[in-house]
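Novice: Got a structure for you, questions after.
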Amino acid sequence: MARKKPDVVDIAAEQRAREQVEAEQAFLKGVTTLRDLIAPSSLEIHSSYFRLGTKYGRTIYVYGYPRQIYTGWLSSLINIDEVLDISMFVYPVESQVVLNNLRKKVTQLEASISINSEKGLTRDPGLEAAINDAEELRDQLQVGAERFFRYGLYVTLYADSLDELGFVQHKIETLFGQQMIFSKVASSQQEQGLNSTIPQMSDQLQIRRNMNTGAISTSFPFTSADLTQENGVLYGINMHNNGLVIFDRFSLENANMVVFAKSGAGKSFTVKLEALRSMMTGSEIIIIDPENEYQKLSDAVGGSYIRLSLNSDTRINPFDLPRVIDTDETDNALRANLITLHGLLKLMLGTTMSTAGVPMSSLTPAEEADLDQALIDTYARVGITSDPLTHNSQPPTISDLYDTLLHMGGSGPQLAQRLRKYTTGTFAGIFSQQSNTEINNPMVVFNIRDLEDELRPVAMYIVLSHVWNIIRTEQKKRMLIVDEAWQLMKYDDSANFLFSLAKRARKYHLGLTTITQDVEDFMGSKMGRAIVANSSMQILLKQSSSAVDVLSDVFKLTEEEKKRLANFPVGQGLFFAGQSHVHIQIEASPTEKQLITTNPQTSNQQTQSIPLDNSGVNSYIDPGSKI
C-alpha cells in the first residue's frame, strides 16, 4: 500500500499540468482570435506607399524647420479635414552633453568666421546668426531656464486611391511649406513609418531634430478650442475637431448673447433650438416676436402666446410698478419707472423722422420739464409717491397722464393733444388701460406682427419694460429673446433702454438674447456696440459682404474667418463664448426641426405637442432623434 501512494500523487500532478497547458493554449487561441478581429484583411508594403485592406496610406516625416517656430504652428495640420495619423516622439537629452557639444560647435563657427576674414571674404550672416543662437542657448541651459530634446514628427495619410493619396500629400506639404517646414516621404521605409504612427509607442524611423523647451512647447498638439462642459445646452458640432459644443451661458460673467446673420441664414432656427433645449434645463423663456415665427414652438410646449394688436383684448399698462422685495430696489422703483416712461413718451411724442430717415427729437427742454412734472403729478393723484408703502396702489394709465397734461399750464395742453391718439384716437386701448397679462408660464411669446409700423417700436419698448418689471419682482433663471432688435436701435431712447437691460440682466439671473439681420445699422449705433461688448456670447452666421467688414473689425476676425463668414452654408457659423470661439454646425433632431423650422415646405406639417411637468422642465424624449 505504501508503494502506491507516489503513483497517485504523480497522476494528480500530471492532470494539473495538462489542465494548465490546455488553459494556456485556450488563452493564446483567444488572443490570436482577437488580433485577427482587429487586423486588416491584408497589408501590402511598397516603396512609397502601403495598402491597408482597401485603403492606401503613405508616411511622411519632417526633417527641416525654420529658425523660429510659433505657437500653434501644428494647428492647421491637426484641424485639416483629412484622415491622418500623427505621431510625435520627444527624447530628453542631458544638459551637460549638450553644453559640451555647443562649446565645440561655437568654436568651429568662430574658426570659420576667422578663416573667412583672413581670406577677405564677405561676412556670412548665417554663421553670425548660428553663433548668436548657440550662445543664447548655452546661457539658458547653464542657468536651467531651458532643457534640450530630440524631436521626431511623422504623419501617415490615408485615401481611397493613389491619385487621392497624392492630392492629400500635396495638401499636407503645402501647409508645411507655408511655414518653411520641410517633409519627405519615407521611401523604402513605409512599414517602419506605419509602425511609428500606430499607437504602439515605437519609433522605428528615428528621424529626429534638436529642439529646446520653447520650441517643443509650440508643438503642443491640442490647439483646437474645446467648448464642451458637463452641464449646459447642446448648440451643435465643433467643425474643428468634430466634438460637441455643450455650453452653459450662465457660467460666463454674464449670460447675454447676440446673434448676427443675414435673412435665411438660420438665426431664428438657432435661437429657437437653444430656447427649446434651455427649457429642458429649467430656464423660463420670454420672447418678443415681431414676425410670428415662434407660435408653433410655443404651442408645442404649452406656452402662452400673447398677440398684441389694436383689435386684441390684451392690455399692457406702461405705468405698472415692479413689486420688488429688495429695499434698495423698492426705494428706486418709482424713480426708475419715471426714467423709463420719459424714454417711452419721447418715443411716442417727441421723435419724428427726417426726410433722410434719421430719428430727430422735437421735444424742447421746456416740454421735457413739463412732461416730467406731469408724470410725478399723475402718480401722486392715485396716491403713489416715493414712499414704498404706496407702491401697491393701482397705477395710473396714459389716460390719466393725458388729463394731467390737459389741465396744467405751460406746454401741457399741446403735449396732451399729441398724446391723444394713444388715449382716444387711432392707437387707443392697447396701452391706455390696466394690464391684464401675466407671465406665469415656462414660455411666453409676445407677438407684435399685427401692429402698425409706427406703433411697433413703441410696443417693443413697452413689452420690454413690462417684462423687466416682472423679472425684478421674482428672480429666477430666465432668457429674454428680442428678435429684430434693429427696430429698437433706430431710436436713441429705446436703444438706451435695451442697453440698460443688457448691463443689469446678470444681477437678476437673466440672459438677454439680441437677434438682428441689419448688422450695419445695429453696429453703427454706439449703444449697439455697447450691447455687443456686454454680451459674453456671440453667434455669427452667414453675412452679407458689407457686414463682414463691420464684424471683422469688431470681433478681430482672421482673413480665413472673414472669407468663411461670407460663404457659410445655412446652419454654420462662428460661435464665441468668452475668449474662445469655434466654427460650429447647428444640429437638431427631426422632431426639433419640425417644431422650429420656418421652411414653407414643412410649416404645414402637424405640430407634435411636448408635455411639460409641473416644474416647467421638458420631459419629452425623442428616442429616434439623432444629433
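Novice: So how many residues does segment 420-455 have that are under 26 Å from Q394 (Cβ atoms) and charged (D, E, K, R)?
Specialist: Number satisfying all stated conditions: 3.
Novice: I've got another one for you. Could you count how many residues in segment 316-351 are part of a loop (DSSP other than H, G, I, E, B) and at pLDDT 85 or above?
Specialist: Taking segment 316-351 first, the residues part of a loop (DSSP other than H, G, I, E, B) are 316-326, 349-350.
Checking which are at pLDDT 85 or above leaves us with 316-320.
Number of matching residues: 5.
Novice: Follow-up. Name the single residue, out of those in segment 68-84 being among the hydrophobic types (A, V, I, L, M, F, W, C) and in a loop (DSSP other than H, G, I, E, B), that is nearest to N212 (Cα to Cα). Write out each step before concluding.
Specialist: Just the residues of segment 68-84 that are among the hydrophobic types (A, V, I, L, M, F, W, C), to begin with: 69, 73-74, 77-78, 80, 83-84.
Next, only the ones that are in a loop (DSSP other than H, G, I, E, B) stay: 69, 73-74, 80, 83.
Details: I69: 12, W73: 16, L74: 17, I80: 27, V83: 30 Å.
In this case the residue turns out to be I69.
Novice: Right, another one. Across segment 168-193, which residue is nearest to I78 (Cα to Cα) among those that are of a type in the set (G, A, S) and touching a residue at least 24 places away in the same chain (Cβ under 8 Å)?
Specialist: S183
Novice: Which ones in segment 151-210 are more than 36 Å from the chain's Cα centre (by Cα), under 23 Å from Y91 (Cβ atoms) and loosely packed, with under 14 Cβ neighbours inside 10 Å?
Specialist: Across segment 151-210, the qualifying residues are K184, Q200, M201, S202, Q206.
Novice: A follow-up question, please. Considering only segment 197-216, I want to know if a residue exists there that is part of a helix (DSSP H, G or I), closer than 30 Å to R51 by Cβ and assigned by TED's automatic domain parsing to the domain that holds Y151.
Specialist: Yes - at least one qualifying residue is present in segment 197-216.
Novice: From L165, L141, which residue is in the same structural domain as V62 (by TED's automatic domain parsing), closer than 26 Å to S75 by Cβ and not charged (D, E, K, R)?
Specialist: Matching residue, one of L165, L141: L165.
Novice: For a quick check of your reading of the model, give me the residue pairs whose first member lies in segment 270-282 and is touching a residue at least 24 places away in the same chain (Cβ under 8 Å) and over 24 Å from V570 (Cβ atoms), whose second is surrounded by fewer than 24 Cβ atoms within 10 Å (Cβ to Cβ) and among the hydrophobic types (A, V, I, L, M, F, W, C), with beta-carbon atoms closer than 6 Å and at least 6 apart or on different chains.
Specialist: From residues that are touching a residue at least 24 places away in the same chain (Cβ under 8 Å) and over 24 Å from V570 (Cβ atoms), the pairs are G282/V617.
Novice: Which is assigned by TED's automatic domain parsing to the domain that holds F499, within 22 Å of L345 (Cα to Cα) and touching a helix residue (DSSP H, G or I) at 6+ places or on another chain (Cβ under 7 Å), of M460, M408, M479?
Specialist: It is M460.
Novice: Are any of the residues in segment 114-131 outside any helix (DSSP H, G or I) and under 25 Å from Y63 (Cβ atoms)?
Specialist: Looking for residues that are outside any helix (DSSP H, G or I) and under 25 Å from Y63 (Cβ atoms), one finds at least one in segment 114-131, hence yes.
Novice: Being within 26 Å of W486 (Cα to Cα) and either over 47 Å from the mean Cα position of the chain (by Cα) or not assigned by TED's automatic domain parsing to the domain that holds L480 (or both) is true for just one of I384, I376, I430. Which residue is that? Show your work before the answer.
Specialist: Details: I384 fails: within 26 Å of W486 (Cα to Cα); I376 fails: within 26 Å of W486 (Cα to Cα).
From the options I384, I376, I430, the qualifying one is I430.
Novice: Only one of D313, D289, D248 is over 30 Å from G425 (Cα atoms) and among the acidic types (D, E). Can you tell me which?
Specialist: Selected residue: D248, the only one of D313, D289, D248 that is over 30 Å from G425 (Cα atoms) and among the acidic types (D, E).
Novice: What number of residues within segment 515-548 satisfy the criterion of being more than 22 Å from F269 (Cβ to Cβ), outside any loop (DSSP other than H, G, I, E, B) and polar (S, T, N, Q)?
Specialist: 2
Novice: To continue, here is another question. List the number of the failed condition for L227; all other conditions in (1) at pLDDT 80 or above; (2) over 28 Å from Y56 (Cβ atoms); (3) out of contact with any helix residue (DSSP H, G or I) (no Cβ under 6 Å at 6 or more places or on another chain) hold.
Specialist: (1)
Novice: Out of L551, L512, L557, which single residue is of a type outside the set (D, E, K, R), under 19 Å from the mean Cα position of the chain (by Cα), in a loop (DSSP other than H, G, I, E, B) and in the same structural domain as A459 (by TED's automatic domain parsing)?
Specialist: Values: L551 fails: in a loop (DSSP other than H, G, I, E, B); L512 fails: in a loop (DSSP other than H, G, I, E, B).
Only one candidate qualifies: L557.
Novice: Please specify each residue of segment 567-587 satisfying the condition of being among the small types (G, A, S) and surrounded by fewer than 17 Cβ atoms within 10 Å (Cβ to Cβ). Please lay out each step first, then the result.
Specialist: Within segment 567-587, the subset among the small types (G, A, S) is 571, 573, 577-578, 580.
Hits for segment 567-587 are G578, S580.
Novice: Against the definition (surrounded by 11 or more Cβ atoms within 10 Å (Cβ to Cβ) and hydrophobic (A, V, I, L, M, F, W, C)), how does V97 come out, yes or no?
Specialist: No: the conditions fail for V97.
Novice: Moving on. Please identify the pairs in which a residue from segment 469-484 that is among the hydrophobic types (A, V, I, L, M, F, W, C) and at pLDDT below 90 has its Cβ atom under 6 Å from the Cβ atom of a residue that is surrounded by 18 or more Cβ atoms within 10 Å (Cβ to Cβ) and part of a strand (DSSP E or B), counting only partners at least 6 apart or on another chain.
Specialist: I471/L510; V482/I288; V482/T514
The values are calculated or read from the model by the stated rules, or taken from the named source; none is laboratory data. Source: prediction; values computed, not measured. Ideal geometry is used to build each Cβ from the backbone, glycine not excepted, and the neighbour counts take in all protein chains shown.
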